[in-house]
Amino acid sequence: MILTLAWKNIWRSKRRSFVVMSAVAIGVWSIIFMVSFYNSIIVAISRNSLRYDYSHIQIHHKNYLSDPGLNFQVKNPSMLMEFPSQMADIESISGRLIVNGMVASPKTNLGVQVYAIDPADEAAVTDLSGFLVKGNYFKNIKRNPILLSQKLADKLKVKVRSKVVITVQDMEANIRAGAFRVAGIFHSKSPRINKDVIYVRHTDLSDLLNATDSSFNEFAYLLKDNKSLVKTKQMMQAKTDNLVRTYREIAPEFDLIEEASSVSKQVITVIVMLALLFGIINTMLMAVLERTKEIGMLRAIGMFKRKICFMIVLETFMISMVSAPVGLIGGFLTNLYFKKTGGMDLSRYAGALEQYGSDFIFYPEIDRSTYLLLMLVVIMTAFIGAIYPAIKAINLKPLEAIKKL
Amino acid sequence: MKVIELKKLSKIYNPNTIPVRAINDVNLSVEEGEFTAIVGPSGCGKTTLLNMIGGLDASSKGSVEVGNISIHDMSESELTAFRLKHIGFVFQAYNLIPVLTAKENIEFIMVLQNIDAKTIQERSEDLLNRMGIKDQKNRRPSELSGGQQQRVAVARALASRPKFVLADEPTANLDSGSTEALLDIMAKLNKEEKVTFIFSTHDQRVIDRAKRIIKLVDGEIVSDEYI
């Protein structure tokens, strides 16, 4: 009966209940949407950095970080190349010889990082071939082809088949220069690569540097699944005395981004819930004050304080239980809509988003557990919101309350 | 058998500033089955007296015993339980729960008493019959006339099988026809089931039907006569 009474009490003032229920539903929907949107940005940035730049695991010489260059090449590269056949979780591998150098065009010259790669291996690890916007992937240029980003091409004022000169230091610290021709221009999803990386064939750079075909200072491994990251790293480290690092160790900003995102999501949730809390308190307080006389009568005929309190809490609980699922379903349907219709297109902000290595089409996504968690948070907020009005109600003196007009 | 006994009961408002003596040394006992009207001019203390008997207001001095149990020293929670179990209330403004139907209003107090559903059902149907409002059982208070609402209020007061019913100006908002019908029902309950009624009223129609009339002036009983 108290359940029935609480339910009927909610609908005494339909407009007021509708307003507070709408506020709860919209609040919940906005949290779902914001959290999903945040998640999609973080996922996009992380996925792009991982897939198109760092890969899951990289191996360097132990001293490479203190002196990046040719002096500290990875030890026993042939063994490192065998890892994919030994470890099932590895999908692909790319060995690189990376040196700093200068690239000069007839118009200007720039400092760059020269990545000497095996084109097929690199395509399998970073999908570099997929980013070509002009030209071909090391094809149609027989001697010394290079790939560079659209950004570098614009700065150098070169196009496909233009000639550029790359200047680097060889193994003996002699300055060596070589003429290369632009085979393709790419636009990677990694801002770092777009900024100052050019790709040449390993054999071409080896010739220029007087290095051997087995000269590498970086190996990048793409795994089939992120879940096996730590295990695979440990297995690799057990087999080599080179430095084995996961992408999280290479780029600690991954953790920072996730941490910042997590804090942002919590702050948004707290702000929305605080707004809802005050809305609920206000509504329930009005409901109690409107029913002062009735509550006085209930106390007079023998309704215990605890039951009055229970009734008020129940009313608040019902309001949240009706409205929160509406918000949750709304949030779910919004996410579903964007999934089915090709994502949320923020191409208007593509320039800014690219700076962070993000796509501009977003697919809002959220863990299923977040729905449940949010429901619990709303229920908790409703209970907290019910406390003050309930205290007000149970502190009414029956005689004084009955006399109220 | 004594249902109520008041001994030297006093109520003084503002005792520390400007004391107002609402009830002054009242001694009174009410036997089971009485149909008593407490009468007097406005402000004489009728409602205050009823409130103290019902445990809604505390006395300044003296004691109230209901069925040989003193309610003077009871805690708020004990008083609530006591009212629920032993006292029925009928208010001037009916004070029904507007969102519940007539039947649900009657049943609500039995739910508070944790009575089983079958008994609640039987007793509420019986009371609706006796009050002559069975046809209105599914209507909300706003859909009932004043007389019908007050009959629901009487039924609610009786639903908990109280030792007595306190009715504060129960006919003040009713027309003649409704007043007569309500008084007929209460008189019948009093006669056939020995339900004890105590009214505060200045309605001559109620006074005419009362078996005992207690006249209160300035918080003191000036006359107490059985008709």
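Read the figures in this text as sums done on the coordinates, not as results from a lab. Source: prediction; values computed, not measured. So basically every Cβ, Gly included, is an ideal-geometry build from the backbone, and we count neighbours across all protein chains shown.
Net charge near A:Arg176, counting Lys/Arg +1 and Asp/Glu -1 over other residues with Cβ under 15 Å of its Cβ?
On the way: positive: none; negative: A:Asp170, A:Glu172, A:Asp204, A:Asp207.
It works out to a net charge of -4.
Do the alpha carbons of any pairs in A:Lys151/A:Lys227; A:Lys293/B:Lys103; A:Lys134/A:Lys224; B:Lys46/B:Lys211; A:Lys293/B:Lys215; A:Lys75/A:Lys239 sit beyond 23 Å of each other, and which pairs? Please report the intermediate quantities before stating the final value.
Details: A:Lys151/A:Lys227 35 Å; A:Lys293/B:Lys103 21 Å; A:Lys134/A:Lys224 30 Å; B:Lys46/B:Lys211 17 Å; A:Lys293/B:Lys215 29 Å; A:Lys75/A:Lys239 12 Å.
Beyond 23 Å between Cα atoms: A:Lys151/A:Lys227; A:Lys134/A:Lys224; A:Lys293/B:Lys215.
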- Give, as a single signed number, the net charge of other residues whose beta carbon lies under 11 Å from the beta carbon of B:Gln136, with Lys and Arg counted +1 and Asp and Glu -1. +4
- Taking the Cβ of A:Asn194 as the centre, find all other residues whose Cβ is under 13 Å away and add up their charges (Lys, Arg: +1; Asp, Glu: -1). +1
- Query: At q = 0.11 Å⁻¹, what log₁₀ I(q)/I(0) does a Debye calculation on the Cα points of the protein assembly as shown give, no solvent, two decimals?
  - Reply: -1.04
- Per residue of B:49-62, count partner chain C-beta atoms within 10 Å of its C-beta, then hand back the mean as an integer. 2
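Give me A:Leu289, A:Leu148, B:Leu28 ranked fewest to most by other Cβ atoms within 10 Å of their Cβ, as a rough exposure proxy.
Least to most surrounded, the residues fall as A:Leu289, B:Leu28, A:Leu148.
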- Query: Can you list residues whose amide H is under 5 Å from B:Ile38's amide H, if they're 5+ apart or on another chain and H is modeled 1.01 Å from N?
  - Reply: B:Phe199, B:Ser200, B:Thr201, B:Ile214
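What percent antiparallel are the DSSP beta bridges of the range A:62-241, to the nearest 5? Mind showing how you got there, number by number?
Details: 31 of 41 bridges.
Antiparallel: roughly 75 percent of the beta bridges in the range A:62-241.
Take the Cα radius of gyration of the range A:1-112 and divide it by 2.2 N^0.38 Å, with N its residue count; two decimals is plenty.
Details: Rg = 29.5 Å, N = 112, 2.2 N^0.38 = 13.2 Å.
Rg over 2.2 N^0.38 Å, computed on Cα atoms: 2.23.
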- Assuming a ≥ b ≥ c are the square roots of the Cα gyration tensor eigenvalues, decide whether chain B counts as rounded (a/c under 1.5), prolate (otherwise, with a/b larger than b/c) or oblate. prolate
- By Cβ neighbour count within 10 Å, fewest first, A:His187, B:His86 rank A:His187, B:His86
- Query: Counting each DSSP H run of 4 or more residues in the protein assembly as shown as -39500 (n - 2.57), what helix-only mean residue ellipticity at 222 nm follows after dividing by all residues, to the nearest 500 deg cm²/dmol?
  - Reply: -15000 deg cm²/dmol
- Mean Cβ neighbour count within 10 Å, used as a protection proxy, ranking A:73-80, A:212-219 highest first: A:212-219, A:73-80
- Task: Please provide three numbers in whole Å: the alpha-carbon extents of the range A:77-158 along the principal axes, with the largest listed first.
- Result: 49, 25, 23
- Whole-Hz couplings from phi, Karplus 6.51/-1.76/1.60, listed for the range B:216-227; x for Gly and Pro: 10, 9, 6, x, 10, 7, 9, 7, 8, 10, 8, 8
- Per-residue HN-Hα couplings for the range A:327-341 [Karplus 6.51, -1.76, 1.60; θ = phi - 60°; Hz; x = Gly/Pro]: x, 5, 5, x, x, 4, 5, 4, 4, 4, 4, 5, 5, 6, 10
- Task: Compute the separation of the alpha-carbon centres of the range B:15-78 and the range A:142-174 and state it in Å as a whole number.
- Result: 104
- Item | Karplus 3J(HN,Hα) series, Hz, for the range A:125-134 with 6.51 cos²θ - 1.76 cosθ + 1.60 (x for Gly, Pro) | 8, 10, 6, 4, 5, x, 9, 5, 10, 9
- Task: Scan around A:Leu243 for amide H atoms under 5 Å from its own, H built in the peptide plane at 1.01 Å from N, and keep only partners 5 or more places away or cross-chain.
- Result: A:His60, A:His61, A:Lys62
- Task: Ignore the peptide's own chain and count Cβ atoms of other chains within 10 Å of each Cβ in B:97-107; give me the average, rounded.
- Result: 3
- Taking the Cβ of each residue in A:Tyr356, A:Tyr371 as the centre, tally the other Cβ atoms inside 10 Å and list the residues starting with the fewest. A:Tyr356, A:Tyr371
- Can you list residues whose amide H is under 5 Å from A:Arg176's amide H, if they're 5+ apart or on another chain and H is modeled 1.01 Å from N? A:Val168, A:Gln169, A:Asp170
- Task: Identify, among B:Val66, B:Leu127, B:Phe199, the residue whose Cα sits farthest towards the positive end of the charge dipole of the range B:2-226, taking +1 on the Cβ of Lys and Arg and -1 on the Cβ of Asp and Glu, with the dipole about the Cα centre.
- Result: B:Leu127
